[in-house]
Structure formats: C-alpha cells, structure tokens
Amino acid sequence: MTTKNNRLATLFYFFGFERLIAPVLIKLIYWVGMVAILIAGVAGFFNGDGSLGRILLTLIALLFSLLIWRLLSELLILAFNIYERLVEIRDLLSRQSQISTPPQPALHDSD
C-alpha cells in the first residue's frame, strides 16, 4: 500500500509542477548548441580562403559565440533557480507562521 501511495505522490509531485524540468532541458539544449557552434566553427576554418586574418576572425567568432551561448544558458537557469529559492522561502515562512504565531498586543482600557 505504501509503494502505491509513494508512486501516486511522485506522480502528483511531477504533474503538480513542484519540480521543474526546464533547467534539465536547458542544460541538454546547451550541450547540443555547443556542439553545433563548434561544428560551425570548424566548418568556418575549412570554408575560408586560408588567410591568417580569416582564421583569426573565425577563432574569435567561435570563442565569442561559445561565451554568449554560455551566458544565455546561465541566465535561463538562473531564472528557474530564483523561482525555486522563492518557493523554498515561501514554504519556510509558511512553516514558521504555523509553528509560532506572534503575540498580539493587548489593548489597555486607557487606549
């Protein structure tokens, strides 16, 4: 009976968007994009006229493209990490408010 409840809880956890799958997909897309950029860079080396200026320009473009791709991927993952931390803070504050409620100030007759 407990394994059935665990499976059901895991299913609700997954379909209830408690755990996001986008960061994992972003990492996968990052690696695919990185391979594509490297292939394009290598193709740029062989499609050029072979001059030193063309080779240096291709190398600089390749490194810059890899850097920009990494930054964009990190920004996307950062957005999801911020969301996860905000959920943790919300849950922590919710538990703290359930554990102890702050005392209400008493009104005096003179007030």
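Of note:
- Separation of the stretch 1-42 from the stretch 75-100 is 20 Å, based on Cα centroids.
- Summing Lys and Arg as +1 and Asp and Glu as -1 over all other residues whose Cβ lies under 14 Å from the Cβ of residue 12 gives a net charge of +2.
- Label point 7 Å beyond Cα of residue 90 along Cβ direction - residues of the stretch 4-21 with amide nitrogen under 17 Å: 13-21
- With the helix formula -39500 (n - 2.57) applied to DSSP H stretches of n ≥ 4, the chain reaches a computed 222 nm mean residue ellipticity of -28500 deg cm²/dmol.
- Accessible-area ranking of 74, 84, largest first, probe 1.4 Å: 74, 84
- Sites residue 31 and residue 57 - FRET efficiency at Förster radius 30 Å, r taken between beta-carbons, to 0.05: 0.70
- Label corresponding to log10 I(q)/I(0) by the Debye sum over Cα atoms at q = 0.12, 0.13, 0.23, 0.24 Å⁻¹ when calculated from the structure given, among [x] -0.56, -0.64, -1.37, -1.45; [y] -0.72, -0.77, -1.18, -1.21; [z] -0.40, -0.46, -1.19, -1.27: [y]
The values are calculated or read from the model by the stated rules, or taken from the named source; none is laboratory data. Quantities reported herein were computed from a predicted structural model and do not represent experimental measurements. All Cβ positions, glycine included, derive from the backbone under ideal geometry; neighbour counts span all protein chains shown. SASA here: full protein model, heavy atoms, side chains in, ligands and nucleic acids out. Shrake-Rupley method; radii C 1.70, N 1.55, O 1.52, S 1.80 Å.
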